[in-house]
Amino acid sequence: MLALSGVTACAPVQKVMTLHPDAHAETVQRAWPAPDRLPRLEYEGELVGERNFVAVDGSEGRGRQFLRWLAGLGGPRADELRLVRPQSGIVDSAGRILVTDTGRPSVFVFDGAGGSLEIWQQAENVLEFMSPVGIVQNGPDEYLVSDADLGAVFRLGADGSPRGRFGESDLLRPTGLAVDVATGDVYVADTSAHDVKVFSTGGRLLRTLGFAGDAGDVPGALNAPLHVEVRGGRVYVTDALNATVQVFATSSGEPLAPIGRRGLFVGNFVRPKGVTTDNDGNVYVVESYYDHLLVFSADGEFLLPLGGTGSQPGQFFLPAGAWSDAQDRIFIADMFNGRIVIFRFLGDKG
């Protein structure tokens, strides 16, 4: 486990986390829809890695600045800890933001309250992560991480220490993870098996949702599911190759009407990936191929597009996962830009 503690070779430096590590001077729009309409989403900032942590006095300390000047490092350091290919994440009960990264591969832990960044690399004591994708909090002091290449879900303690695994005999290629807070059941998108497997908190397989099929308009048909969200009695599953979001009832597992369809217009899907919801029940879906975030009502009505290819706020480059927190912040893993973009849902407050 690596950690950025804020200690330099010269003197201890207290650090705080900022959501604005890089300036966006060219940015005009920071709220969506357009400025002449009531805004529903507002840009709040982004996470990239070590650069999000700055000294309390706004400097790095003279000693470290002098050493960087001698080395000719005026910009980001070559050894800087930063996101490479972020996939998904959560905000835990302590307010930490945990992000899976297949490019490192590891879990980044952004601790705003502690002013520190940690990197968790160990899936087990003698095994490092290979392709970590999904992550959830499983109780007050445990986290679950799915690794697509290792074919299992791994348990980690609150400090990142390995605690075991489950699902290796049931899963082919586990990707997205979600937990039903009402029951504690763990939902795992199994991309290669074309279904979603439901496990108990202890790791016992309970049931399977969906079936292999290449017709996205057929409720329950799945073709390479990637991410999953459980909220409000519903399970939302992004179906990458069927270009839709399949919906299931948590109580019965019954397939409900899918959200969205394949197409070339804004609001259609080509490669949907991440999915999350807000406190009003709106559904946010990452359309990776066209670099968009698409917002739907709980009933599947298309409400709002946000995106376009680029690196400015409101733009993406092959985005992946999505998640939200209790404060209605919406997090997007902007994969090829190597960052997490954060928006806030304003509701009717505007």
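The values are calculated or read from the model by the stated rules, or taken from the named source; none is laboratory data. No experiment lies behind these values; they were computed from the predicted model shown. When we count neighbours, we look across all protein chains shown, and the Cβ atoms used for this are built from the backbone with ideal geometry, even at glycine. To get the accessible areas, we keep the full protein, side chains included, count just its heavy atoms, and leave off ligands, DNA and RNA. Shrake-Rupley method; radii C 1.70, N 1.55, O 1.52, S 1.80 Å.
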Could you list which residues have their amide H under 5 Å from that of Glu44, counting only those 5 or more apart in sequence or on another chain, with H placed in the peptide plane? Ile342, Phe343, Arg344
Per residue of segment 224-235, what does 6.51 cos²θ - 1.76 cosθ + 1.60 with θ = phi - 60° give for ³J(HN,Hα)? Whole Hz please, x for Gly and Pro, Karplus curve as stated. 6, x, 10, 10, 9, 9, 10, 6, x, x, 10, 10
How many nm separate the modelled label positions at Phe265 and Phe317, each set 7 Å beyond the Cα in the direction of the Cβ? 3.1 nm
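Could you tell me what a quarter of the Cα convex hull surface of segment 184-250 works out to, in nm² with one decimal place?
The directionally averaged projection comes out at 4.0 nm².
Using Cα pairs closer than 8 Å and at least 6 residues apart in sequence, work out the relative contact order for segment 176-234, in percent.
Working: 118 pairs, mean separation 19.5, N = 59.
The value is 33 percent.
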Run the numbers on the chain and let me know its relative contact order in percent, using alpha-carbon pairs under 8 Å that are six or more apart. 14 percent
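Please work out the FRET efficiency for the pair Leu19 and Asp149, using the Cβ-Cβ distance as r and a Förster radius of 30 Å; give the result to the nearest 0.05. Present the calculation step by step, with values, prior to reporting the outcome.
Numbers: r = 31 Å, r/R0 = 1.05.
Efficiency, rounded to the nearest 0.05: 0.45.
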Using the Karplus curve 6.51 cos²θ - 1.76 cosθ + 1.60 with θ = phi - 60°, work out ³J(HN,Hα) for each residue of segment 138-145 in order, rounded to whole Hz, and write x for Gly and Pro. 10, x, x, 9, 9, 10, 10, 10
When the Kirkwood radius is taken over all Cα pairs of segment 84-210, what Stokes-Einstein diffusion coefficient follows at 37 °C and 0.692 mPa s, in µm²/s? 229 µm²/s
Can you give the relative contact order of segment 179-284 as a percent, counting alpha carbon pairs under 8 Å and 6+ residues apart? 19 percent
With +1 on the Cβ of every Lys and Arg and -1 on the Cβ of every Asp and Glu, the dipole magnitude of segment 126-283 about its Cα centre, in debye rounded to the nearest 20, is 220 debye
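I'd like the projected area of the chain, averaged over all directions, using the convex hull of its alpha carbons. Report it in nm² with one decimal.
On the way: hull surface 71.3 nm².
The orientation-averaged projected area of the Cα hull of the chain comes to 17.8 nm².
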With point charges of +1 on the Cβ of Lys and Arg and -1 on the Cβ of Asp and Glu, referenced to the Cα centre of the chain, which listed residue (Tyr236, Gly167, Gln137) lies farthest in the positive direction of the dipole? Gln137
Per residue of segment 146-163, in order, report the coupling 6.51 cos²θ - 1.76 cosθ + 1.60 (Karplus, θ = phi - 60°) as ³J(HN,Hα) in whole Hz, putting x for Gly and Pro. 8, 10, 5, 7, 7, x, 7, 10, 10, 9, 10, x, 5, 9, x, 6, x, 10
Segment 163-279: C-alpha gyration tensor shape, a/c 1.5 cut-off, then a/b vs b/c: prolate
For the chain, the longest principal axis of the Cα atoms and the Cα long axis of helix 62-71 enclose an angle in degrees, to the nearest 10, of 80 degrees
Tensor-based shape of segment 213-350 (alpha-carbon gyration tensor, a/c under 1.5 rounded, otherwise prolate or oblate): oblate
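Let me know the charge dipole size of segment 239-350 about its Cα centre in debye, to the nearest 20, where only the beta-carbon of Lys, Arg (+1) and Asp, Glu (-1) is charged. Can you show the working numbers first?
Working: 8 positive and 12 negative charges, 72 e Å.
Value, rounded to 20: 340 debye.
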Sorted list, accessible surface of protein heavy atoms, 1.4 Å probe, largest first, for His20, His194, His227 is His20, His194, His227
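How big is the antiparallel share of DSSP beta bridges in the chain, given as a percent to the nearest 5? Write out the running numbers ahead of the final one.
Numbers: 97 of 102 bridges.
Given both bridge residues lie in the chain, the antiparallel proportion sits at roughly 95 percent.
What dipole magnitude, in Debye to the nearest 20, does the chain give about its Cα centre under +1 on Lys/Arg Cβ and -1 on Asp/Glu Cβ? Please report the intermediate quantities before stating the final value.
Working: 30 positive and 43 negative charges, 100 e Å.
Result for the chain is approximately 480 debye, rounded to the nearest 20.
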Indicate the gyration tensor shape class of segment 74-135 (rounded, prolate or oblate), computed on the Cα atoms with a ≥ b ≥ c the square roots of the eigenvalues: a/c under 1.5 is rounded; otherwise a/b larger than b/c is prolate and the rest oblate. oblate
Using the Cα centre of segment 162-320 as origin and beta-carbon charges of +1 (Lys, Arg) and -1 (Asp, Glu), tell me which of Ser192, Gly274, Leu318 is placed farthest towards the positive end of the dipole. Ser192
Within the accessible area of segment 96-145, what % is carbon and sulfur when the probe is 1.4 Å and the other protein chains stay in place? 46 percent
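For Tyr289 and Phe302 in the same chain, what is the full-extension length gain: residue separation times 0.36 nm, less their Cα-Cα distance, in nm? Before the final figure, lay out each step's value.
On the way: separation 13, 0.36 × 13 = 4.68 nm, distance 1.80 nm.
Gain on stretching Tyr289 to Phe302: 2.9 nm.
Where only protein heavy atoms count, and the probe is 1.4 Å, what is the accessible area per residue for the chain in Å²? Numbers along the way, then the final one.
Numbers: 14860 Å² over 350 residues.
Here the per-residue accessible area is 42 Å².
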